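What follows is a single structure, written as structure tokens, with notes after it.
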Amino acid sequence: MTVRVGVIGAGMIGTEHIRRLTHVLNGAAVVAVTDVDPARAAEVAAGVPGARVLATGKDVIADDAVDAVVVTSWGPTHEEYVLASVAAGKPVFCEKPLATTREACRRILDAEEAAGRRFVMVGFMRRYDASYRALKAALAEGGLGAPLMVHCAHRNATVPSLYTSDMAINDTSVHEIDIVRWLLDEEIVAARVLRPRRNSRAAPHLVDPLVVMLEMAGGALVDVEVSVNIGYGYDIRCEVVAEGGTAALAEAGGVVVRSGGRWGGAVPADWRERFLRAYDVELQDWVDAVAGGTTTGPTAWDGYAATVVADACLEALRTGERVGVSLGERPALYGLVAS
């Protein structure tokens, strides 16, 4: 079966997904594209045999030729398109965020509960990265004992001038928020945000770096360094300190060269280079699940939890105080904490 996919949003990530669905993955065909900029949609669709440009996201969802939907539009539009996909009975892959408010995420949870099944997969691609999967497997073996602390770093060489301090939470550290839930199989119960000495490279409006402190339900503490003007490259780190040892991500790909009394290697330039393969594996998993009539990957509950925790972090950034996280009862539809 070839899954006929409609894509809503033809920006950077949407174009990347269209490329991989068309040229890299098996079992999918992009048949419809839309974007808030019709010229952009037409330009992207022109490179995809058989793809049509439709006027709106709702047109894509309603089209009988579309089996499943990929939402890569502006974050505040996600709720509308995800809810419409669920109402149409069509599987939907939604890039993060699932929605931009707690209430909007709850409406999506309610829609899936009313339908009695899952339709939504949220694009937290780190769960598909080989290094993170090896880290989770090392913890699952049990030999290290209970996790006590997790040290994370999310470093960018630089960010665009429009990047804001809120984006350091909503767009950057949200990946760590999701991944520590998944690694430890626990929810986050509280957050604090600390402000170290300011990086002189940062734009005047930007608080950079930040240290996000997360408390897990089981008592483990997580610190996330967010440095978005560090200069040397895109560097993602994660180390779990357990009772009987540690487990950490290895250096991201590449080789270490030793020559002339020195050693060194390359650092990824950006997120596309570092997580290219993870995006491929993630979207192939979704296509395979759609073709088989099943669901997979991060759920709407995971998207909801990430949004609620990010909101708590934003409040902590503004107030300097510890902020508790209350998710409420998790519906049985979503099974384990971090699927």
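Read-outs throughout are calculated quantities, based only on the coordinates presented, and are distinct from any laboratory measurement. Quick caveat, the model's predicted, so the values are computed rather than measured. All Cβ positions, glycine included, derive from the backbone under ideal geometry; neighbour counts span all protein chains shown.
Structure notes:
- With K and R counted +1 and D and E -1, the other residues having a Cβ less than 14 Å from that of Glu113 yield a net charge of +2.
- Local electrostatic count at Gly218 - Lys and Arg +1, Asp and Glu -1, tallied over other residues with Cβ under 13 Å: -4
- Residues whose amide H comes within less than 5 Å of that of Ala242, counting only those at least five positions distant or on another chain, are Leu148, Ala247 (H built at 1.01 Å from N in the peptide plane).
- Intensity falloff of the chain expressed as log10 I(q)/I(0), Debye formula with alpha-carbon point scatterers, at q = 0.09, 0.10 Å⁻¹: -0.49, -0.61
- Along the chain, the longest continuous region that contains none of the trypsin sites (Lys or Arg not before Pro) in a DSSP loop with at most 14 other C-beta atoms within 10 Å is 202-321.
- Calculated FRET efficiency, Arg258 to Ala137, Cβ-Cβ distance, R0 = 25 Å: about 0.25 to the nearest 0.05.
- Relative contact order of the chain, defined on C-alpha pairs under 8 angstrom at six or more residues apart (%): 20
- In this structure, Ala29 and Leu276 have a Cβ-Cβ separation that, at R0 = 22 Å, corresponds to a calculated FRET efficiency of about 0.55.
- Taking a ≥ b ≥ c as the square roots of the eigenvalues of the Cα gyration tensor, an a/c ratio of 1.5 or more together with a/b no larger than b/c marks the stretch 1-137 as oblate.
- P(r), alpha carbons of the stretch 1-72 - 10 Å bins starting at zero, rounded %: 24, 62, 14, 0
- Mean separation of Cα contacts under 8 Å (6+ apart) over length of the stretch 273-339, as relative contact order %: 29
- Ignoring lysines fewer than eight residues from Lys58 along the same chain, the ones with Cα atoms less than 17 angstrom from its Cα are Lys90.
- Model label sites at Leu194 and Arg102, defined 7 Å from Cα along the beta-carbon direction, differ in position by 2.6 nm.
- FRET efficiency estimate (nearest 0.05) - Cβ-Cβ, Leu333 to Ala87, R0 22 angstrom: 0.85
- Comparing Asn199, Leu249, Ile236 along the charge dipole axis of the stretch 179-276, the residue lying farthest to the positive side is Asn199, per the Cβ-charge model.
- Gain on full extension, evaluated as 0.36 nm per residue between Trp74 and Leu162 minus their Cα-Cα distance, stands at 30.2 nm.
- Unit charges at the beta carbon, dipole of the chain: most positive-side option, Ser161, Leu139, Val267: Val267
- Helix-only arithmetic for the chain: the sum of -39500 (n - 2.57) across DSSP H runs with n ≥ 4, divided by the residue total, places the mean residue ellipticity at 222 nm at -10500 deg cm²/dmol.
- Pair Leu148, Met12: separation of 7 Å Cα→Cβ label points (nm): 3.9
- For the stretch 186-336, relative contact order (Cα pairs under 8 Å, six or more residues apart, normalised by length) works out to 26 percent.
- Which of Ile177, Phe93, Pro76, positive extreme of dipole for the chain (C-beta unit charges): Ile177
- Length available on full extension from Val36 to Asp59: 0.36 nm per residue minus the Cα-Cα distance, which gives 7.0 nm.
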